[in-house]
1. Would you confirm whether or not the stretch 73-87 contains a residue that is touching a residue at least 40 places away in the same chain (Cβ under 8 Å), more than 25 Å from Thr111 (Cα to Cα) and of a type in the set (Gly, Ala, Ser)?
2. Output the residue which, of all residues in the stretch 239-256 that are modelled with pLDDT of 90 or more and touching a Gly at 6+ places or on another chain (Cβ under 9 Å), is farthest from Val209 (Cα to Cα).
3. For the structure I just gave you, tell me whether Gly232 is among the small types (Gly, Ala, Ser), surrounded by 19 or more Cβ atoms within 10 Å (Cβ to Cβ) and over 30 Å from Val75 (Cβ atoms).
4. Does at least one position in the stretch 157-172 carry a residue that is out of contact with any Pro (no Cβ under 8 Å at 6 or more places or on another chain), of a type outside the set (Val, Ile, Thr) and at pLDDT below 95?
5. For the stretch 237-269, name all the residues that are farther than 29 Å from Ser49 by Cβ and in a loop (DSSP other than H, G, I, E, B).
6. Would you confirm whether or not the stretch 46-56 contains a residue that is under 15 Å from the mean Cα position of the chain (by Cα) and touching a residue at least 40 places away in the same chain (Cβ under 8 Å)?
7. Taking the criterion of being crowded, with 24+ Cβ neighbours inside 10 Å, charged (D, E, K, R) and at pLDDT 95 or above, would at least one residue in the stretch 84-99 satisfy it?
8. Answer with yes or no whether Lys254 is charged (D, E, K, R), exposed (fewer than 12 other Cβ atoms within 10 Å of the Cβ) and either more than 17 Å from His146 (Cβ to Cβ) or under 15 Å from the mean Cα position of the chain (by Cα) (or both).
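The values are calculated or read from the model by the stated rules, or taken from the named source; none is laboratory data. Owing to the predicted nature of the structure, the values given are computational and were not obtained by experimental measurement. Don't worry about glycine lacking a Cβ; one is built from the backbone with ideal geometry, like all the others, and counts go over all protein chains shown.
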Amino acid sequence: MTHAIRMHAQGGPEVLVWEEVELAKPGAGEALLKHHAVGLNYIDVYQRSGTYPVPCPATLGLEAAGVVEALGEGVSHLKVGDRVAYAGGPLGAYSERRVIPADRLVKLPDTLSYEQGAAMMLQGMTAQYLLKRTYPVKAGDTILVHAAAGGVGLILCQWAKALGVHVIGTVGSDEKAALAKAHGCTHPIVYTRENFQERVMEITHGQKVPVVYDSIGRDTFMQSLESLAPLGTMVLYGAASGPVPPFDLGLLAKMGSLFITRPTLFTHTAQREDLERISSDLFDVVTSGQVKLFINQHYPLSEAAQAHRDLEARKTTGSTVFTL
């Protein structure tokens, strides 16, 4: 037996309950992990609330770091005692121990802590594919990043700066503006008192930007499109304010033959070689110091409901981890 955060129906944070659950033995191609740290991500909120349907009962969580305690048949790239991390599924990270497909695990460098592993994998690998595959940025670009003081946002700002890119970033307060600016955001915009689309026009002298990385969704979508230069790319990778309503694709033509995409980490890491490439690139920029991680909130895993409340209330900055 082990303990886990379970939900028996989708809904508010109150559906998250700390329970004792059965623990299976690892089968062929699987590994049994003891978690040391678990990551909190906004997709957990979507899955808990019903924005993304999840069969119940369920254990949430897509990201964690820990130690391999046992292996099933056919696993050759790991051994018992290895420090590992993962992100992207299947669900089940909100637990003390779990069984997971071994091909989803990557070895965590000794230079990185379990908390760093749990805080960086989903957000950091997301930043990697956004900057290098979804829209490959180049030195000299000026880009727009929403939620620039959030977990993905702070990584995007730092990594973009390391690549020679100028970042315009939206944030919700002066404190978050200072945080973003200190970590690579050239032009923070406090959206609660400034029109970010107008500020983008001012900052770029009317040229607009080639790409917008938007994790907010409904509240920012149309102004994000208006911030794009002709042939620009709208990258919608989240929906913190709610899903984008249906809209006329003909607008993309009228606004400059724009591109729009809705990528996911699951697609970008579905193949083992892609997972290894993306995670290796992430480990390199973190260990080199080009990207620093900001684990600004810690909660015991048993208090997952409160962590969800704080995340939805936008009380958090950087990354949040659950400790065990």
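1. The answer is yes, given that some residue of the stretch 73-87 is touching a residue at least 40 places away in the same chain (Cβ under 8 Å), more than 25 Å from Thr111 (Cα to Cα) and of a type in the set (Gly, Ala, Ser).
2. In this case the residue turns out to be Val244.
3. yes
4. For the stretch 157-172, residues out of contact with any Pro (no Cβ under 8 Å at 6 or more places or on another chain), of a type outside the set (Val, Ile, Thr) and at pLDDT below 95: present.
5. Matches in the stretch 237-269: Met255, Gly256, Ser257, Leu258.
6. Yes: one or more hits.
7. Yes: the stretch 84-99 contains one or more residues that are crowded, with 24+ Cβ neighbours inside 10 Å, charged (D, E, K, R) and at pLDDT 95 or above.
8. Taking the combined requirement at face value, the residue satisfies it.
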